[in-house]
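Have a look at this one.
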Amino acid sequence: DSGVTQTPKHLITATGQRVTLRCSPRSGDLSVYWYQQSLDQGLQFLIQYYNGEERAKGNILERFSAQQFPDLHSELNLSSLELGDSALYFCASSRREEANTQYFGPGTRLTVL
Amino acid sequence: AQSVTQLGSHVSVSEGALVLLRCNYSSSVPPYLFWYVQYPNQGLQLLLKYTTGATLVKGINGFEAEFKKSETSFHLTKPSAHMSDAAEYFCAVSDQVNSGAGSYQLTFGKGTKLSVIP
């Protein structure tokens, strides 16, 4: 158990819908990273937040957005969902003293029908 | 841009045999290198990492990896495979995206699925 929690574990929805994925980092970790894992693209970095501020963006679609709240939990919002958005979404966190090392949550499996 | 190549999407070994999973990276700066393991229907678990210092790093579950700068490699080994080692293994390289901001983006290889034959 890494100490990173993600909810829900599974999410099934329809095309065109909007969903919110939630992540709670390890206690004391200020950085939260979001990754997408799909069969065709593999594991891809989406976005990073540090203490409430966006710090880095990767291959994140404009239909996707994220935020980090004062209690440091983060939410990834996915809108206008398409079939191709079906994937595993992982959250990872790291602490300032060990910023180069990320610990991953169990993931949320999103299925878009 | 950094990249990671894992040779072999599937590797099969007999129980008790040597495990060798290959990883090569490209980086314009000294890299941070990681191996993660993913068991079926689970998240990514950190196996080991290289940041600085000793080039042979030991991780959990008897795994180790050696950083070879001249070969740009970070291969993962285990002397004797166990059935419980069957999983998918990911090599990753870390790039500090924003200097001073503690922002490290992981670039992953495509993964190697390890099967252990009894």
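The values are calculated or read from the model by the stated rules, or taken from the named source; none is laboratory data. Being a predicted model, the structure only gives us computed values, none of them experimental. Backbone-built Cβ (ideal geometry, glycine too); neighbour counts: all protein chains shown.
I'm told A:D29 meets every condition in (1) within 21 Å of A:G84 (Cα to Cα); (2) of a type in the set (D, E, K, R); (3) not in a strand (DSSP E or B) except one. Can you identify the failing condition by its number?
Tallying (1) within 21 Å of A:G84 (Cα to Cα); (2) of a type in the set (D, E, K, R); (3) not in a strand (DSSP E or B), A:D29 fails exactly one: (1).
Still on this structure, I have one more. Do the conditions hold for A:E53, that is, is it within 14 Å of chain B (Cβ to nearest Cβ), loosely packed, with under 13 Cβ neighbours inside 10 Å, at negative phi and free of Cβ contacts under 8 Å to residues at least 24 places away in the same chain?
Yes, satisfied.
Scan segment A:43-59 and give yes if some residue there is more than 23 Å from A:T101 (Cβ to Cβ) and not aliphatic (A, V, I, L, M), otherwise no.
Checking segment A:43-59: not a single residue is more than 23 Å from A:T101 (Cβ to Cβ) and not aliphatic (A, V, I, L, M).
Here's another thing I want to ask about it. Listed residues A:L72, A:L46; which is part of a loop (DSSP other than H, G, I, E, B) and either buried (at least 16 other Cβ atoms within 10 Å of the Cβ) or without any contact (Cβ under 8 Å) to a residue 60 or more places away in the chain (or both)?
Numbers: A:L46 fails: part of a loop (DSSP other than H, G, I, E, B).
Going through A:L72, A:L46 in turn, just one is part of a loop (DSSP other than H, G, I, E, B) and either buried (at least 16 other Cβ atoms within 10 Å of the Cβ) or without any contact (Cβ under 8 Å) to a residue 60 or more places away in the chain (or both): A:L72.
If A:L83 satisfies every condition in (1) crowded, with 20+ Cβ neighbours inside 10 Å; (2) of a type in the set (A, V, I, L, M); (3) modelled with pLDDT of 95 or more but one, which is the exception?
(1)
Follow-up. What number of residues within segment A:32-43 are assigned to a strand (DSSP E or B) and either of a type in the set (S, T, Y) or exposed (fewer than 12 other Cβ atoms within 10 Å of the Cβ) (or both)?
Number of matching residues: 3.
Here are A:S24, A:S79, A:S94, A:S38: which of them is more than 10 Å from chain B (Cβ to nearest Cβ), under 24 Å from B:G109 (Cβ atoms) and hydroxyl-bearing (S, T, Y)? If you could, list the steps in order and put the result at the bottom.
On the way: A:S24 fails: under 24 Å from B:G109 (Cβ atoms); A:S79 fails: under 24 Å from B:G109 (Cβ atoms); A:S94 fails: more than 10 Å from chain B (Cβ to nearest Cβ).
Of A:S24, A:S79, A:S94, A:S38, the one residue that is more than 10 Å from chain B (Cβ to nearest Cβ), under 24 Å from B:G109 (Cβ atoms) and hydroxyl-bearing (S, T, Y) is A:S38.
Does A:R63 satisfy being over 10 Å from the mean Cα position of the chain (by Cα) and either away from chain B (no Cβ under 11 Å) or of a type in the set (A, V, I, L, M) (or both)?
Details: over 10 Å from the mean Cα position of the chain (by Cα): yes; either away from chain B (no Cβ under 11 Å) or of a type in the set (A, V, I, L, M) (or both): yes.
Against the criterion (over 10 Å from the mean Cα position of the chain (by Cα) and either away from chain B (no Cβ under 11 Å) or of a type in the set (A, V, I, L, M) (or both)), A:R63 qualifies.
Within segment B:8-32, can you find the residues that are assigned to a strand (DSSP E or B) and modelled with pLDDT of 95 or more? Reasoning before the result, please.
Initial filter on segment B:8-32 (assigned to a strand (DSSP E or B)): B:10-14, B:19-26, B:32.
Of everything in segment B:8-32, those that are assigned to a strand (DSSP E or B) and modelled with pLDDT of 95 or more turn out to be B:H10, B:V11, B:S12, B:V13, B:S14, B:V19, B:L20, B:L21, B:R22, B:C23, B:N24.
What pairs come up if the first residue lies in segment B:11-24 and is under 13 Å from B:E64 (Cβ atoms), the second is surrounded by 14 or more Cβ atoms within 10 Å (Cβ to Cβ) and of a type in the set (K, R), and their beta carbons are under 8 Å apart, counting only those six or more places apart or on different chains?
Cβ pairs passing all conditions: B:L18/B:K78; B:V19/B:K78.
Which members of segment A:1-20 meet the condition of being more than 9 Å from every other protein chain (Cβ to nearest Cβ), more than 14 Å from A:V112 (Cα to Cα) and under 14 Å from the mean Cα position of the chain (by Cα)?
Of everything in segment A:1-20, those that are more than 9 Å from every other protein chain (Cβ to nearest Cβ), more than 14 Å from A:V112 (Cα to Cα) and under 14 Å from the mean Cα position of the chain (by Cα) turn out to be A:T5, A:T7, A:P8, A:K9.
Does A:Q6 qualify as being out of contact with any Cys (no Cβ under 8 Å at 6 or more places or on another chain), of a type in the set (S, T, N, Q) and surrounded by 13 or more Cβ atoms within 10 Å (Cβ to Cβ)?
Judged against the criteria, A:Q6 is not a match.
Next question. So in segment A:9-26, with the set limited to residues that are outside any loop (DSSP other than H, G, I, E, B) and not β-branched (V, I, T), which one is surrounded by the fewest Cβ atoms within 10 Å (Cβ to Cβ)? Give the steps one after another, and end with the answer.
Our first condition is that a residue be outside any loop (DSSP other than H, G, I, E, B); within segment A:9-26, this holds for A:10-13, A:19-24.
Next, only the ones that are not β-branched (V, I, T) stay: A:10-11, A:21-24.
Numbers: A:H10: 9, A:L11: 18, A:L21: 22, A:R22: 15, A:C23: 27, A:S24: 19.
Out of the qualifying residues, it is A:H10.
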